[in-house]
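The structure appears below as structure tokens.
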Amino acid sequence: MPNYTAPLNDMSFVLFDVLKAQQLSLCPGFEDANEEMIRAVLDEAAKLAENILQPINQSGDIEGCHYDPETKLVTTPKGFKEAYKAFAEGGWSGLSASPEYGGQGLPHLVKIVVDEMACSTNLSMGMYPGLSHGAIDALTLHASDELKDIYLPNLISGEWTGTMCLTEPQCGTDLGLVRTKAQPQTDGSYQISGTKIWITGGEQDLVDNIVHLVLAKLPNAPDSSKGISLFLVPKFLEDGTRNTAFCGGLEHKMGIKASATCVMNFENAKGWLIGKENEGLKCMFTMMNSARIMVGVQGLGLAEKAYQISLGFAKERLQSRSLSGPKNPQGKADAIIVHPDVRRMLTQQKVFVEGARCMAYWAGLHLDLAEKHPDASVREESDDIVQIMTPIVKAYLTDEGFFLDRSSFTKYGWRGIHPRLGS
């Protein structure tokens with residue numbers, strides 16, 4: 001099994017020498033987020049990633065999740081329930097969430113660094129709390145106080161998880177084509193009916209309750225994206241009754257098979273409106289932007305892991321002799337790391353990882369400054385940077401991170417060098 005060591009020195013260099021992240025402690029609400037405290041948090045996150053998430057990554061992807069068509073339940077791979085419990089009990093689910101509802105109130109930037117470690121060691125596991133974080137953000141900004149009081153404490157503690165239900169069989173990014181319906185009820189709730197696909201964590205056995213955030217259309221709503229509303233639909237209602245929101249099967253994927261990606265059927269399921277009628281897309285973008293940054297960090301995390309695998313393999317694989325003379329005179333060949341072209345490819349991997357890390361962390365820093373800085377002009381400027389950088393972080397880091405991950409030349413399954421790197 002490939003090993004992983006959290007690159008804490010590289011992370012700290014970007015945080016404190018390049019971005020001066022210690023400045024966040026001057027922002028109201030982040031007073032405790034000084035360099036010493038952030039380093040202590042990252043030290044503990046490294047232990048979690050290396051010792052709990054990493055060991056079940058490969059076995060989890062081999063075993064995958066399993067769907068029972070009779071019970072409509074999903075079972076996660078061996079060890080995932082225990083790993084998720086350790087994650088939740090460690091307070092990692094609420095790292096950047098509001099202390100008002102049980103969160104730790106740390107900067108989003110700190111969570112981004114922790115996300116990188118989770119994505120490097122076990123992306124499948126990281127998907128479950130990752131979607132919960134987006135749900136927490138959406139509820140915090142748009143839900144009624146009543147919904148916040150009921151759902152935020154359990155989402156933040158990790159006792160429950162959240163999902164984002166947008167895509168439908170006939171509808172991908174063009175959300176104006178959504179067919180899921182929401183029928184108002186006399187008690188102020190709504191009956192939600194429709195099918196959603198590609199729902200991360202839509203059904204799983206890690207927690208007792210799952211909170212779905214669902215896009216749907218009210219009767220007589222405009223037949224476009226301007227007619228979409230957002231609803232909270234829990235798996236279990238407050239009285240313990242099973243809501244009629246069921247998994248219809250698992251999607252088939254090339255990887256992250258330990259992450260349950262589900263078809264979800266809502267059969268007159270009970271839900272509650274989040275925000276205003278016909279403004280669901282605005283509310284959902286809060287969740288989507290959170291998810292988009294994390295997706296970019298996934299590319300970064302996988303690229304870092306790929307680099308570590310490649311470097312380790314280059315140091316142990318013997319092939320030919322160094323151009324400047326034998327470096328392993330006691331053996332029949334030298335390790336391939338002595339060859340200039342191999343060193344070039346490793347350097348290219350390393351350069352991308354370091355640049356990608358700077359980009360992602362810089363966006364995260366401005367996410368915090370846009371929210372907490374005492375100067376309104378700084379908040380406005382940082383918000384502009386976040387709006388520009390969020391799609392760039394997602395698109396560029398995942399694109400290039402994928403190619404670098406593909407290029408890993410290791411005995412663990414990757415053999416060739418991608419043409420973009422040369423071969």
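None of the figures in this text is laboratory data; all of them are computed from the coordinates on show. Fair warning: this is a prediction, and the values are worked out from it, not measured in the lab. A quick note on method: Cβ atoms are made from the backbone with ideal geometry, for glycine too, and the neighbour counts reach across all protein chains shown.
For this structure, a couple of remarks:
- Among the GluC sites (Glu not before Pro) in segment 368-405, none is located in a DSSP loop while being surrounded by at most 10 other Cβ atoms within 10 Å of its own Cβ.
- Relative contact order for the chain: 16 percent, from Cα pairs under 8 Å spaced at least 6 residues apart, divided by residue count.
- Bridgeable lysines around K226 (alpha carbons under 16 Å apart, same-chain partners fewer than 8 residues away excluded): K181, K217, K276, K282.
- Here the residues E203, E277, ranked from fewest to most Cβ neighbours within 10 Å of their Cβ, fall in the order E277, E203.
- Amide H contacts for S322 (H built 1.01 Å from N in the peptide plane; partners 5 or more residues away or on another chain; cut-off under 5 Å): K327, D334.
- For segment 342-348, Karplus couplings with θ = phi - 60° (6.51, -1.76, 1.60), whole Hz, Gly/Pro x: 5, 5, 4, 5, 5, 5, 5
- Among T161, T121, T140: highest mean-square fluctuation, GNM of the chain, C-alpha pairs under 10 Å: T140
- From helices alone, the chain scores -15000 deg cm²/dmol at 222 nm; the rule is -39500 (n - 2.57) for each run of n ≥ 4 DSSP H residues, then divide by the residue total.
- Ranked T163, T244, T286, T5, criterion: other C-beta atoms within 10 Å, fewest first: T5, T244, T286, T163
- Taking Lys and Arg as +1 and Asp and Glu as -1, the other residues whose beta-carbon sits under 15 Å from that of V207 total -2.
- Judged by the mean number of other Cβ atoms found within 10 Å, the most tightly packed of the peptides 8-14, 77-83, 65-71 leads the ranking 77-83, 8-14, 65-71.
- For V297, V74, the sequence from fewest to most other C-beta atoms within 10 Å is V74, V297.
- DSSP-defined antiparallel bridges as percent of all bridges, segment 132-234, nearest 5: 65
- Annotation: the antiparallel percentage among DSSP beta bridges lying fully within the chain is about 80.
- Within-10-Å neighbourhood charge of R321 [Cβ basis; K, R +1; D, E -1]: +1
- Under a 5 Å amide H cut-off, with hydrogens placed 1.01 Å from N, S189 pairs with nothing among residues at least 5 apart or on other chains.
- Eligible lysines near K78 by straight Cα distance, threshold 29 Å, same-chain separation 8 or greater: K47, K111, K196, K235, K253, K257, K305, K411
- Charge dipole magnitude, Cβ of K and R +1, D and E -1 - the chain, Cα centre, debye nearest 20: 1940
- Each Cα pair under 8 Å and six or more residues apart adds its separation to the average, and for segment 1-147 the resulting relative contact order is 23 percent.
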